[in-house]
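Beneath this line is the structure, given in structure tokens, with notes to follow.
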Amino acid sequence: MVPGSSVPPEPGDAAGRPVLRAGTAYARPARWAVLQRRLFGELDQAWREFSARYCDPAGDGRLVFHDRLGVPPDDRDGVDDFYEPFFNWPLLYVLGGADDLLAAARRHWLGVTAQLTEAGMVAGGHDRGYDWFHQGEGLLLLYHLCLAAPEDERIRAQAIRSAELYLGGRPGNYDPGANVVTAPHNGADGPRPGLTGGAPVFPWSPVFAWYGLPLDWIEGIDSYDALVADPVLARRMGEEMRDRMGRGDTAVNLAATSLMANAFLLTGREEFRVWVLRYAGGWLERARANGGVLPDNAGLDGRTGAYLDGRWYGGHYGWAWPHGLHSVGAAAVIAACNAVLVGGGKEYLELGRSPLDAVLAGLRTGPDGVPTVPYKHNDSGWHGHRPLQAALPAALWHVSQDPADAERLERATGPDRNHVAAVRTKEEAGHEVPWLSFLAGTNPDYPERALQVTLDLVRERRRAIAADPTDPATGPSTADIHHWQDRNPVLTEVLGQLTCGAPQPLYNGGLWHARLRYHDAERGRPGLPPDVAALVTAIAPDRTAVTLVNLDPAAARRVLVRAGSFGQHTFGTVRQDGRPGLLVHGPEFEVVLGGGCSTEVVTTVELHDRRPAHH
């Protein structure tokens with residue numbers, strides 16, 4: 001057969017699946033390919049070291065922790081912090097991590113769930129009731145386990161059971177008549193009134209001395225210092241927050257669309273898909289009625305400003321909260337992308353664009369040339385300028401493929417679009433701008449530089465684990481339950497970008513939207529086979545280009561290439577190494593990579609034209 005031509009399906013192939021053979025030998029493998037496989041190896045060592053250092057070796061995978069959770073007034077906070085250290089471990093497995101990584105991630109998920117159940121924070125496998133800014137963070141581990149092992153009955157059953165909490169029946173988290181989630185804090189116990197389980201007293205944290213008061217218009221309460229000095233004022237402020245912010249719906253609840261979309265991907269049940277579209281559509285209508293700006297609150301009757309004297313801002317984790325755009329924008333983009341994924345059409349992207357356009361209207365550029373946007377809004381107007389969180393427009397562009405979404409990011413980007421920062425935050429984000437510059441053809445060195453930076457950061461985390469003075473027998477104190485997140489050595493942002501053309505999932509509960517996904521056809525598991533590296537070099541509305549390299553000098557590797565993380569796209573024509581195209585017209589094809597060979601595959605693609613599913 002001529003290299004690059006179609007061959008009949010090999011034994012074990014699905015009937016009729018096209019197969020490409022790659023026989024183009026290289027004299028020396030590309031440096032990016034060598035670095036990529038080295039990174040897989042480093043990560044394989046790193047997660048084992050983390051698990052051995054911070055988890056009970058004789059137990060069920062739980063974190064070593066002997067202090068108390070559930071101490072008022074923060075008796076609802078902390079569930080997410082126990083899941084977050086492992087959130088991207090199943091994603092690394094999906095990309096091609098070690099064979100035993102999936103079992104390890106599952107074990108830690110089960111162990112942490114048991115640990116939190118014993119602490120009284122989780123019931124029936126789900127958070128008893130907290131805001132979706134944090135619930136979204138904690139559920140990333142479950143979403144990624146569903147992505148990696150949708151056939152696992154324990155994982156599958158929990159994902160479905162959690163989603164059913166929001167269908168409209170018991171325990172009352174959702175009112176289908178008013179189309180609202182019925183409280184800012186919600187979960188296994190249903191709507192939980194107020195913002196804490198203790199006495200309604202505020203302030204809780206000195207950060208508000210800098211951020212400002214969430215209800216800064218309450219008469220007689222005009223400063224953080226006054227609340228600290230006067231217990232009567234502190235209680236009154238707490239009561240005002242309970243009554244005005246601790247009931248009704250809030251925009252950050254839009255992150256719950258991922259829970260429902262994930263259940264749809266597992267089951268195909270139409271009620272989950274309809275929920276996503278109806279709930280996202282309700283907030284989209286509120287934005288349209290508010291002059292295009294997404295409000296952050298609604299009463300139990302669905303009216304914007306019902307408990308805030310008509311204000312469209314001031315809700316929990318809303319525009320006047322310390323996070324502002326970070327919380328409102330993330331939830332809106334997550335919901336918009338989920339709506340498109342389940343087949344709602346691109347008009348839902350307006351929901352994600354709404355908060356971005358609102359802050360971009362206040363764009364300004366400082367003397368250093370770095371643009372900033374206002375993150376917050378209260379009675380004084382827009383304020384709190386910071387650089388735009390690049391992950392939001394990047395995620396929106398990836399799903400929409402609309403040049404206008406790329407332009408939103410470009411408007412808010414500083415003069416250096418190629419810099420690869422040697423930083424890693426818990427969100428696993430921060431390298432969107434140089435990656436998109438690479439895809440645009442203006443940052444050709446990005447793959448090598450980004451992989452090297454990631455390798456350095458993994459080694460830095462491994463050194464921090466080895467040098468950690470925390471007593472392994474007792475674990476960190478209650479005051480430092482972020483200790484494990486700060487040392488999680490599994491880094492997937494750059495690997496996802498380069499191998500699958502995927503931005504890192506938005507940290508407050510986004511699903512993994514990838515242009516390509518791989519399956520090891522020999523071993524029957526997700527991810528790239530051993531010794532195989534991949535580099536997505538182009539993403540366009542109708543085209544994808546990827547280079548595959550087999551670093552094994554002798555043995556061939558079989559790689560199944562799939563269109564989209566959930567099979568939601570369709571390949572059209574596939575060209576290999578510039579040869580005439582092969583008609584695929586389906587969601588997948590196989591590439592047989594000879595030993596010491598590489599190939600460039602360019603495909604046409606129809607986006608979001610197939611019913612998505614985890615299987």
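Would you confirm, using the coordinates I've provided, whether Gly212 is surrounded by 16 or more Cβ atoms within 10 Å (Cβ to Cβ) and either within 26 Å of Leu69 (Cβ to Cβ) or of a type in the set (S, T, N, Q) (or both)?
No; evaluated as a whole, the condition is false for this residue.
Within region 3-36, restricting attention to residues that are at pLDDT 95 or above and more than 17 Å from Gly594 (Cβ to Cβ), which residue is farthest from the chain's Cα centre (by Cα)?
Step by step, filter region 3-36, then rank; the result is Arg31.
What tally of residues in region 369-406 results from selecting those that are surrounded by fewer than 20 Cβ atoms within 10 Å (Cβ to Cβ) and assigned to a helix (DSSP H, G or I)?
Of the residues in that region, 3 qualify.
Scan region 490-504 and tell me whether some residue there is of a type in the set (Gly, Ala, Ser) and over 23 Å from Trp32 (Cα atoms).
no
State whether one or more residues within region 72-79 are without any contact (Cβ under 8 Å) to a residue 60 or more places away in the chain, in contact with a Ser or Thr (Cβ under 7 Å, 6 or more places away or on another chain) and buried (at least 19 other Cβ atoms within 10 Å of the Cβ).
Among the residues of region 72-79, not one is without any contact (Cβ under 8 Å) to a residue 60 or more places away in the chain, in contact with a Ser or Thr (Cβ under 7 Å, 6 or more places away or on another chain) and buried (at least 19 other Cβ atoms within 10 Å of the Cβ), which makes the answer no.
Testing Pro214 on (1) part of a helix (DSSP H, G or I); (2) more than 30 Å from Gln568 (Cα to Cα); (3) touching a helix residue (DSSP H, G or I) at 6+ places or on another chain (Cβ under 7 Å), one condition comes back false. Which one is that?
Exception for Pro214: condition (1).
Looking at (1) in contact with a strand residue (DSSP E or B) (Cβ under 9 Å, 6 or more places away or on another chain); (2) not in a helix (DSSP H, G or I), which is the one condition that is false for Ile221?
The failed condition is (1).
Test each condition in (1) within 15 Å of Leu254 (Cα to Cα); (2) modelled with pLDDT under 95 for Ala339 and report the one that comes out false.
Ala339 satisfies all of (1) within 15 Å of Leu254 (Cα to Cα); (2) modelled with pLDDT under 95 except (2).
Just wondering, is there one or more residues in region 534-550 that are farther than 26 Å from Pro503 by Cβ and modelled with pLDDT of 95 or more?
Yes: one or more hits.
Determine if region 410-426 includes at least one residue that is crowded, with 22+ Cβ neighbours inside 10 Å, assigned to a helix (DSSP H, G or I) and in contact with a strand residue (DSSP E or B) (Cβ under 8 Å, 6 or more places away or on another chain).
no
Which of the numbered conditions does Tyr279 fail, given that it passes all the others? Conditions: (1) surrounded by fewer than 24 Cβ atoms within 10 Å (Cβ to Cβ); (2) within 20 Å of the chain's Cα centre (by Cα); (3) not hydrophobic (A, V, I, L, M, F, W, C).
(1)
Do the conditions hold for Thr470, that is, is it over 21 Å from the mean Cα position of the chain (by Cα) and part of a strand (DSSP E or B)?
No: the conditions fail for Thr470.
Consider only pairs whose beta carbons are under 6 Å apart and that are at least six residues apart or on different chains; among these, list those whose first residue lies in region 260-280 and is in contact (Cβ under 8 Å) with a residue 40 or more places away in the chain and whose second residue is outside any helix (DSSP H, G or I) and among the hydrophobic types (A, V, I, L, M, F, W, C).
Final answer for the pair search is Ala261/Val342; Phe264/Val342; Leu265/Phe566; Leu265/Ala613; Arg273/Val342; Val276/Val342.
Scan region 558-567 and give yes if some residue there is free of Cβ contacts under 8 Å to residues at least 40 places away in the same chain and touching a Phe, Trp or Tyr at 6+ places or on another chain (Cβ under 9 Å), otherwise no.
The answer is no, given that none of the residues of region 558-567 is free of Cβ contacts under 8 Å to residues at least 40 places away in the same chain and touching a Phe, Trp or Tyr at 6+ places or on another chain (Cβ under 9 Å).
In region 303-352, how many are of a type in the set (Gly, Ala, Ser) and not in a loop (DSSP other than H, G, I, E, B)?
9
Yes or no, residue by residue, for (1) of a type outside the set (Ser, Thr, Tyr); (2) buried (at least 18 other Cβ atoms within 10 Å of the Cβ); (3) within 30 Å of Glu606 (Cα to Cα):
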{"position": "Arg449", "(1), (2), (3)": "yes, yes, no"}
{"position": "Asp456", "(1), (2), (3)": "yes, no, no"}
{"position": "Pro476", "(1), (2), (3)": "yes, yes, no"}
{"position": "Ile481", "(1), (2), (3)": "yes, yes, no"}
{"position": "Pro489", "(1), (2), (3)": "yes, yes, no"}
{"position": "Val494", "(1), (2), (3)": "yes, yes, yes"}
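Check Leu325, Leu360, Leu341 and return the single one that is farther than 24 Å from Gly567 by Cα and surrounded by 23 or more Cβ atoms within 10 Å (Cβ to Cβ).
Leu325
Take the conditions within 22 Å of the chain's Cα centre (by Cα) and of a type in the set (Asp, Glu) and apply them to Glu118. Does it pass?
no
The rows are residues; the columns are (1) in contact (Cβ under 8 Å) with a residue 60 or more places away in the chain; (2) under 30 Å from Pro193 (Cα atoms); (3) not assigned by TED's automatic domain parsing to the domain that holds Gly212.
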site	(1), (2), (3)
His326	yes, yes, yes
Val333	yes, yes, yes
Tyr348	yes, no, yes
Ala361	no, no, yes
Asp368	no, no, yes
Tyr375	no, yes, yes
Gln389	yes, no, yes
Val399	yes, no, yes
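Can you pull out the residues in region 299-351 that are over 20 Å from Glu285 (Cβ atoms) and polar (S, T, N, Q)?
Across region 299-351, the qualifying residue is only Ser327.
Looking at region 311-320, can you tell me whether even one residue there is buried (at least 24 other Cβ atoms within 10 Å of the Cβ), under 22 Å from the mean Cα position of the chain (by Cα) and either modelled with pLDDT under 95 or under 25 Å from Gly268 (Cα atoms) (or both)?
no
Filter region 245-263 for residues that are crowded, with 24+ Cβ neighbours inside 10 Å and assigned to a loop (DSSP other than H, G, I, E, B) and give the result.
Gly248
In region 541-574, which residues are more than 29 Å from Arg38 (Cα to Cα) and aliphatic (A, V, I, L, M)?
Across region 541-574, the qualifying residue is only Val574.
Over 28 Å from Arg31 (Cα atoms), assigned to a loop (DSSP other than H, G, I, E, B) and free of Cβ contacts under 8 Å to residues at least 60 places away in the same chain - does that describe any residue in region 444-467?
Within region 444-467, one or more residues are over 28 Å from Arg31 (Cα atoms), assigned to a loop (DSSP other than H, G, I, E, B) and free of Cβ contacts under 8 Å to residues at least 60 places away in the same chain.
Tell me whether region 148-171 contains one or more residues that are free of Cβ contacts under 8 Å to residues at least 24 places away in the same chain and at positive phi.
There is at least one residue in region 148-171 that is free of Cβ contacts under 8 Å to residues at least 24 places away in the same chain and at positive phi.
Can you list residue pairs whose Cβ atoms sit under 9 Å apart, with the first residue in region 414-425 being in contact (Cβ under 8 Å) with a residue 60 or more places away in the chain and the second being assigned to a loop (DSSP other than H, G, I, E, B)? Count only pairs 6 or more apart in sequence or on different chains.
Close Cβ pairs satisfying both conditions: Arg424/Gly430; Arg424/Leu491.
Take residues that are of a type in the set (Phe, Trp, Tyr), crowded, with 24+ Cβ neighbours inside 10 Å and not assigned by TED's automatic domain parsing to the domain that holds Asp531 and tell me which of the helices (runs of 4 or more DSSP H) falling wholly in region 83-151 contain 2 or more.
In region 83-151, 89-95, 132-148 are the helices (runs of 4 or more DSSP H) which contain 2 or more residues that are of a type in the set (Phe, Trp, Tyr), crowded, with 24+ Cβ neighbours inside 10 Å and not assigned by TED's automatic domain parsing to the domain that holds Asp531.
The values are calculated or read from the model by the stated rules, or taken from the named source; none is laboratory data. In this text, all values refer to a predicted model and were calculated from it rather than measured experimentally. Using ideal geometry, Cβ is built from the backbone for each residue, glycine included, and neighbour counts are taken over all protein chains shown.
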